[in-house]
Amino acid sequence: MTALKEMKSDSRIDVVHPHILVMEDDLNVAKGLKMIMDEQGYDVDLAGTGSGALDAIGQYDYDLLMADLRLPDIDGMQVVKRLKETKPETEVIVMTGYATSSLAVEAMKLGARDFIAKPFTEDQIRSAITAALKKDAQKQRVLKQGLDASYNTSIQKREVLKVLNRTTEDEKFWIRLMENSSEALKEYTLDSAAKAAIASGDLHWMHENIGELTQKQLMFIYKRLEREAW
């Protein structure tokens with residue numbers, strides 16, 4: 001059975017559900033898992049072979065892979081390995097009827113989040129999925145925070161460079177900036193640290209947050225430092 005993509009839509013609201021791929025060659029087990037996950041509101045795809053799972057992974061981004069290890073074509077461990085090499089952020093729960101400590105260790109080394117031995121209960125499945133997706137949500141929040149911080153840094157760099165470049169071309173702006181920096185900087189999207197660095201001529205902050213500056217860009221900073229020295 002190849003991977004099945006089930007699209008869910010509601011014209012009234014756009015809700016993003018966790019996207020889960022179940023890699024399981026036993027159709028009854030796969031359908032049972034899907035029924036449990038559908039009840040929880042998850043977006044579930046099924047793959048009955050390792051190659052079908054790899055095809056699905058290549059096409060879609062999944063939050064979680066439920067991976068059986070004994071498949072009719074390729075070893076499920078190889079699918080887990082390929083997934084973690086290409087999309088390491090995807091969580092993995094390994095499930096098998098041939099549970100051994102060595103398999104569990106191998107799966108964890110590859111990056112699996114959890115290891116469940118068959119037969120399992122509905123509560124075990126729900127608990128394992130909830131824990132895995134909670135961990136994934138935490139990672140996504142950390143990633144978003146990092147991206148937001150990176151985006152803000154790029155904005156500050158752009159705006160500071162705008163200010164310094166303008167000082168090389170606009171004498172009136174230079175004077176306004178020198179005499180009343182807060183008023184002169186009102187039109188720029190600068191945080192308090194960037195404004196303070198420009199106003200005080202903080203070379204250390206400039207080097208750390210903006211990078212190398214040209215002599216023209218540095219001219220205002222040097223003059224500001226000279227004025228502070230006086």
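The values are calculated or read from the model by the stated rules, or taken from the named source; none is laboratory data. Everything numeric here is computed off the predicted structure, so don't read it as measured data. Here Cβ is always computed from backbone atoms with ideal geometry, including for glycine, and neighbour counts include all displayed protein chains. Keep in mind that these areas ignore ligands, DNA and RNA; they rest on the heavy atoms of the full protein, side chains included. Shrake-Rupley method; radii C 1.70, N 1.55, O 1.52, S 1.80 Å.
A few notes on this one:
- Entry remark, segment 177-194: residues being without any contact (Cβ under 8 Å) to a residue 12 or more places away in the chain and not small (Gly, Ala, Ser) number 5 in total.
- Scanning segment 125-169 for residues that are at pLDDT 60 or above and either β-branched (Val, Ile, Thr) or on the phi > 0 side of the Ramachandran plot (or both) yields Ile125, Ile129, Thr130, Thr153, Ile155, Val160, Val163, Thr167, Thr168.
- Scan of segment 30-56 for residues that are assigned to a helix (DSSP H, G or I), more than 19 Å from Thr96 (Cβ to Cβ) and either of a type in the set (Val, Ile, Thr) or more than 26 Å from the chain's Cα centre (by Cα) (or both), ordered by number: Met35, Glu39
- Matching residues, segment 57-70, being in a loop (DSSP other than H, G, I, E, B) and either free of Cβ contacts under 8 Å to residues at least 24 places away in the same chain or open to solvent by 30 Å² or more (accessible area, probe 1.4 Å) (or both): Tyr60, Asp61, Asp63, Arg70
- Selection within segment 72-89: residues that are in contact with a strand residue (DSSP E or B) (Cβ under 8 Å, 6 or more places away or on another chain) and without any contact (Cβ under 8 Å) to a residue 40 or more places away in the chain. The member of this set that is most open to solvent (accessible area, probe 1.4 Å) is Lys84.
- Pair list, Cβ < 6 Å and 6+ apart or interchain, from segment 153-176 residues that are closer than 13 Å to Met206 by Cα and open to solvent by less than 10 Å² (accessible area, probe 1.4 Å) to residues that are of a type in the set (Gly, Ala, Ser) and part of a helix (DSSP H, G or I): Val160/Ala194
- Any hit, segment 75-85, residues being within 17 Å of Glu24 (Cα to Cα) and among the polar types (S, T, N, Q): yes
- Top-ranked residue in segment 3-47 [being exposed (fewer than 14 other Cβ atoms within 10 Å of the Cβ) and polar (S, T, N, Q); ranked as modelled with the highest pLDDT]: Asn28
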